[in-house]
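Taking it in order: structure first as structure tokens, then the write-up.
Just so it is clear, none of the values below were taken in a lab; they were calculated from the coordinates. Everything numeric in this text was worked out from a predicted model, so none of it was measured. Backbone-built Cβ (ideal geometry, glycine too); neighbour counts: all protein chains shown.
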Amino acid sequence: MDLTPFLVGFVVMSLASVALYARGSKDPEIRHHTYFHSAVPFIAATSYLAMYFAIGTVTPANGVTTPIARYADWSVTTPILLAGLVMLALHERPVGRSAAFLVSIITLDALMIVTGLISSLATDPAARLAFYLWSCAAFAGVLYLLWGPLRSISAGEGGAFNRAYMKNLPFLTLVWFGYPVVFAIGPEGIGSLAPNAENWAILILDVIAKVVYAFAAAANVERAHLEGRNAAGRDDAG
């Protein structure tokens with residue numbers, strides 16, 4: 001197996017983590033987004049390093065090589081990304097007021113990752129398909145919460161944070177749709193994508209979802225925070 005995508009992933013994610021933290025806002029009201037976005041590629045870098053050394057990589061009877069580190073990465077990084085979106089949708093309310101949404105969406109997200117892993121490890125084709133579809137169902141639940149009640153709450157509040165949410169949400173949604181597609185056409189699915197090609201495809205998706213998205217999302221949040229602060233200043237002056 002070509003280990004190049006894993007090495008490239010480690011280097012890119014490591015550098016991105018440092019850059020995101022250095023560039024991110026340290027304003028107490030929104031600095032948690034800086035922590036979120038810099039932590040995600042750091043975790044991903046750890047995963048890519050493990051995959052480079054083939055730590056936790058298994059090949060069950062179905063012949064499909066499954067890097068457990070990749071799913072461990074997703075099980076931590078995707079909840080962090082979702083937490084940032086949920087808090088943005090609720091316009092940075094205290095965590096206590098967003099707990100119900102956070103618990104619900106992270107539970108569905110965890111189920112999505114775990115069932116995806118089970119599908120990859122399954123030796124029976126029917127079981128593999130069943131767990132793949134169940135993973136997609138959990139993904140649909142995540143999307144429902146993001147595009148349904150959370151979008152309605154954000155739209156009801158209006159303002160700069162809602163505009164930021166409606167920029168960040170489609171971006172992440174579109175990128176995340178790529179993962180089940182790659183899974184379906186890769187070795188775990190119909191097999192039209194070779195293992196090395198799948199690794200490169202997932203690396204590209206990871207860079208977009210965890211680095212490009214992070215820079216764009218952080219910029220949108222910072223812009224919204226600045227707009228809100230300026231608007232509050234004008235109201236006080238008036």
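Each of M1 and A61 was given a label point 7 Å from its Cα along the Cα-to-Cβ line. The distance between the two points is 2.1 nm.
Cβ-Cβ distance of A100 and F177, R₀ of 25 Å, FRET efficiency by 1/(1 + (r/R0)^6): the value works out to about 0.45.
The loop-placed chymotrypsin sites (Phe, Trp or Tyr not before Pro) in the range 22-110, going by DSSP, that have at most 12 neighbouring Cβ atoms within 10 Å of their Cβ come out as F53. Amide H to amide H distances under 5 Å link T57 with I68, where only residues 5 or more positions off or on other chains count and H is placed in the peptide plane.
Relative to the longest principal axis of the Cα atoms of the chain, the long axis of helix 159-185 makes an angle of roughly 0 degrees. Note on the chain: dipole from Cβ charges, positive end direction compared against T65, V40, N199; the farthest Cα belongs to V40.
Applying the Karplus relation 6.51 cos²θ - 1.76 cosθ + 1.60 with θ = phi - 60° to the range 98-113 yields 3J(HN,Hα) values of 10, 4, 4, 5, 4, 4, 5, 6, 6, 4, 5, 5, 4, 4, 4, 5 Hz, where x marks Gly and Pro. Shape class for the range 4-237, computed from the alpha carbon gyration tensor (a ≥ b ≥ c): prolate, with a/c not under 1.5 and a/b above b/c. Using θ = phi - 60° in the Karplus curve 6.51 cos²θ - 1.76 cosθ + 1.60, the 3J(HN,Hα) couplings for the range 16-25 round to 5, 4, 5, 5, 5, 5, 5, 8, x, 5 Hz; x is entered for Gly and Pro. For the pair L133 and A155, label points projected 7 Å from Cα toward Cβ lie 3.1 nm apart.
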